[in-house]
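Notes for the one structure printed next.
Bear in mind that the values in this text are calculations on the coordinates, not laboratory data. As the structure is a computational prediction, the values presented were derived from the model and not from experiment. Note that each Cβ is placed from the backbone with ideal geometry, even for glycine, and that neighbours are counted across all protein chains shown.
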């Protein structure tokens, strides 16, 4: 009997200890920073400082972008988008630093436009874009058009720049024209491959351009909403699918690396529908345990293949790096501070933050991942201005 007790004692002690300290573990990593509507948190200041440093130092920037492009050229492009959006929000929160931020925004936009012009359509796309021709000709990518349009629009929301008026108008006209050619009012990001993520950013840019320039695409935007609600909803969850063919045949069901950002963009068109998508995403994909939170990549009713967007998915927990990163955007956009705080606790525990000389980066992330996190920290004022219809 004594020998049994001796063998049981150690594992029993470990179990009891775990039962005590595991529920308390999150307190070691919990963020106690209060996020106010018009302030920039120390976290955002440190993240932003890192990105400003990258764009002021060509050697550092080239090193970081080269690392990402080895894996995915899209990350280079998306990193630019989220930095521009972040700097726009930071300028609105701290107008005294607007000039500093506008210079970096212009540098990013001008270089992006130059690379698109000089290197061509495929420079920011993954290699499989060349496997077959685009159905719509001449070939364009809604991924590229939508995010460039959003960058141009965001910069102009902060302060008008005449040189960007015509490029935004031309980009919006091209997107709307091509979207109208599809029965689901969507344009291709890759050959015969439309993404809700890309088309949602595109309609957000179109809406912003209307407010900036007095144009009126409201009838088109209402029709777009009606079509996606009717034809692009996953029946089991009520969430929008993530990808589909040009004629509207679903390719992938709902994905965490898509729907959180889609819900954020939808706020510019229909607040109720956007919130419904966020709440459904939280129910189907959001997970919490012991003070930590994360996002699944797929709902339990649908499972897709691992790809570059989903990133690594941790077994058992089904935690997705891509989904969890963009869940920050959803939680911030819809004011879910509890979920945001628990996501932050998970990030600080698992993503290995490194802070040096006032600069913050996450070792388990990369430039685009950190840019998404920065945007989640500062978003708010720009969407409010666009929705108000009063930008000046």
Note to self: Can you show me the helix-derived [θ] at 222 nm for the chain, built from DSSP H runs with n ≥ 4 at -39,500 (n - 2.57) apiece and divided by the number of residues, rounded to the nearest 500.
What the structure shows: -19500 deg cm²/dmol
Checklist line | Computed label-point distance, nm, for sites residue 364 and residue 160 using a 7 Å Cα→Cβ extension | finding: 4.7
Notebook entry, point to check: Among (i) 5, 23, 33, 25, 8, 3, 2, 1, 0; (ii) 5, 22, 33, 26, 12, 2, 0; (iii) 5, 19, 27, 25, 16, 7, 2, 0, which one is P(r) over Cα pairs in 10 Å bins from 0, in percent computed from these coordinates?
Noted result: (i)
Checklist line | Per-peptide average of other Cβ atoms within 10 Å, ordering 83-96, 283-296 highest first | finding: 83-96, 283-296
Check: residue 118 to residue 219: FRET efficiency via 1/(1 + (r/R0)^6), r the Cβ-Cβ distance, R0 41 Å, to the nearest 0.05?
Finding: 0.65
Check: Distance from the Cα centre of region 231-248 to that of region 71-118, in angstrom?
Finding: 31
Next item on the list: Please work out how much length the chain gains when fully extended from residue 229 to residue 388, using 0.36 nm per residue of separation minus the C-alpha to C-alpha distance, in nm with one decimal.
Entry: 54.8 nm
Next item on the list: Whole number please: convex hull volume per residue, Cα atoms of region 166-284, in Å³.
Entry: 94
Note to self: Given a Förster distance of 25 Å, report the FRET efficiency between residue 126 and residue 180 from their Cβ-Cβ distance, rounded to the nearest 0.05.
What the structure shows: 0.40
Notebook entry, point to check: Stretch residue 53-residue 97 to full length: gain in nm at 0.36 nm per residue minus the Cα-Cα span?
Noted result: 14.3 nm
Check: Relative contact order for the chain: what is it in percent, counting Cα pairs under 8 Å that are at least 6 residues apart?
Finding: 21
Checklist line | Contact order relative to length of region 51-163, as percent, for alpha carbon pairs under 8 angstrom and 6 or more apart | finding: 31
Notebook entry, point to check: Comparing 111, 159, 297, which has the greatest mean-square fluctuation in the GNM of the chain with Cα pairs linked when under 10 Å apart?
Noted result: 111
